[in-house]
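One structure is given below, encoded as structure tokens.
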Amino acid sequence: MDHAEDGDQNDVFVYMGGSVPQHLRETITHVRVHKSVKIITRDAFRGCRNLVSIEMHDGVEIIEAWAFCGCTSLGTIKLPGVRIIGNGAFFQCTALEDVVFGDKLETIGNEAFYCCTSLRSIKLPKIRAIGEGAFEYCEQLTEVELSEDLERIVGRAFLHCPHLRRITMPLKDNLLDKGVFDECWNLSQVDLVGGIHKTISSLLLDSWRNEMNDEIDIINRDLPNITSYQKTAAIQHWMETVIRR
């Protein structure tokens, strides 16, 4: 059973849960999620090509698989309370330029933002896991800031992000799967978030701090000269080396 109603003002569609009726998917342009809704269900807005905006309250915790797949006019979205984004949730949302991720988000599923070709930067303050191909073919993506809580980035997560220049990530062993940054030709800077900075500040001797800083700088000197298919392995090897030291 569908639980969606037409809004009573300004052509706003009030989403009450379930899937949007098929006959409305071509006409919906603006959506407000009702306060009672905690889950945007699978395929809920799939193929709503004219959807421009959606107002999401902080009680929404889960966006299920393919919920906004093919919403090619959606330009921005705020996800203040979302914990889980399912597989393909924003697949081919080609106009999506800005996503504001809240500090509750822990998991992004496979191909969740695949081919979001207008997305320019992302900041994931509490993310723990990024699925396979999650940001694959995000061709305008330039900067990524990840969480010190991050545990795993699965293969192809950032495949063919040719404008990606900078990524901020924690210093952890076995963080990267193979091919995470393949075809990221312009990736040239890795910054570290979390523990390493505390480690450096706690070192008693200036020589130790300088040595560790030198280790951190090495990858950024080398990255511009490494082919795109070797960048992932180079970053992982570098992290292992720094951890051993």
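What whole-number value in Å² describes the accessible area per residue of the chain for a 1.4 Å probe?
Normalised by residue count, the accessible surface of the chain is 48 Å².
Over the stretch 1-141, what is the mean sequence separation of C-alpha contacts under 8 Å (at least six apart), divided by residue count, expressed as relative contact order in percent? All intermediate terms of the calculation are to be shown ahead of the outcome.
Details: 447 pairs, mean separation 21.5, N = 141.
That works out to 15 percent.
Dipole magnitude of the chain about its Cα centre, charges +1 at Lys/Arg Cβ and -1 at Asp/Glu Cβ only, in debye to the nearest 20? List each step's numbers first, then the result.
Working: 26 positive and 36 negative charges, 42 e Å.
My answer is approximately 200 debye.
Which value at 222 nm does the chain reach when only helices count, each DSSP H run of 4 or more adding -39,500 (n - 2.57), with the total divided by all residues and rounded to the nearest 500 deg cm²/dmol?
Working: 3 runs with 39 residues, N = 245.
My calculation for the chain gives -5000 deg cm²/dmol from helical runs alone.
Taking Cα pairs under 8 Å and at least six residues apart, what relative contact order does the chain come out at, in percent? Mind dumping the intermediate values first?
Numbers: 712 pairs, mean separation 23.7, N = 245.
It rounds to 10 percent for the chain.
How big is the stretch 52-195 in terms of Cα radius of gyration and Dmax, in angstroms?
13.8, 41
In sequence order, what are the phi-derived ³J(HN,Hα) couplings for the stretch 96-112 according to the Karplus relation 6.51 cos²θ - 1.76 cosθ + 1.60 with θ = phi - 60°, rounded to whole Hz, with x for glycine and proline?
With coefficients 6.51, -1.76 and 1.60, one gets 6, 9, 9, 10, 9, 8, x, 8, 9, 5, 10, 9, 10, x, 4, 6, 4 Hz.
Of the heavy-atom accessible surface of the chain (probe 1.4 angstrom), what whole percent is carbon and sulfur? Provide the component values of the computation, followed by the final result.
Details: 5420 of 11680 Å².
Answer for the chain: carbon and sulfur cover 46 percent of the accessible area.
Would you count, across the chain, every pair of lysines whose alpha carbons are under 28 angstrom apart, provided the pair is eight or more residues apart or spans two chains?
28
With N residues in the chain, what two-decimal value do you get for its Cα radius of gyration over 2.2 N^0.38 Å? Working shown, then result.
Working: Rg = 20.0 Å, N = 245, 2.2 N^0.38 = 17.8 Å.
Working it through for the chain, the quotient is 1.12.
For the stretch 88-199, what is the charge dipole size about the Cα centre, in debye to the nearest 20, if Lys and Arg each add +1 at the Cβ and Asp and Glu each add -1 at the Cβ? All intermediate terms of the calculation are to be shown ahead of the outcome.
Numbers: 12 positive and 18 negative charges, 43 e Å.
Charge dipole of the stretch 88-199: 200 debye, to the nearest 20.
So for the stretch 25-79, averaging the separation of alpha carbon pairs under 8 Å that are six or more residues apart and normalising by length, what relative contact order in percent results? Don't jump to the answer; show the numbers that get you there.
Numbers: 115 pairs, mean separation 22.6, N = 55.
Normalised by residue count, the contact order of the stretch 25-79 is 41 percent.
Take every DSSP beta bridge with both residues inside the stretch 1-117 and express the antiparallel ones as a percent of the total, to the nearest 5. Working shown, then result.
Numbers: 3 of 20 bridges.
If I count the DSSP bridges inside the stretch 1-117, around 15 percent turn out antiparallel.
Mean Kyte-Doolittle of at least -0.5 plus a Cα span of 18 Å or more along the axis: flag which DSSP H helices in the chain meet both, please.
Helices meeting the criterion: 231-244.
The values are calculated or read from the model by the stated rules, or taken from the named source; none is laboratory data. Bear in mind that the values here come from a model prediction, so they are computed numbers and not experimental data. Cβ sites come from the backbone with ideal geometry, for glycine too, and all protein chains shown count toward neighbours. Keep in mind that these areas ignore ligands, DNA and RNA; they rest on the heavy atoms of the full protein, side chains included. Shrake-Rupley method; radii C 1.70, N 1.55, O 1.52, S 1.80 Å.
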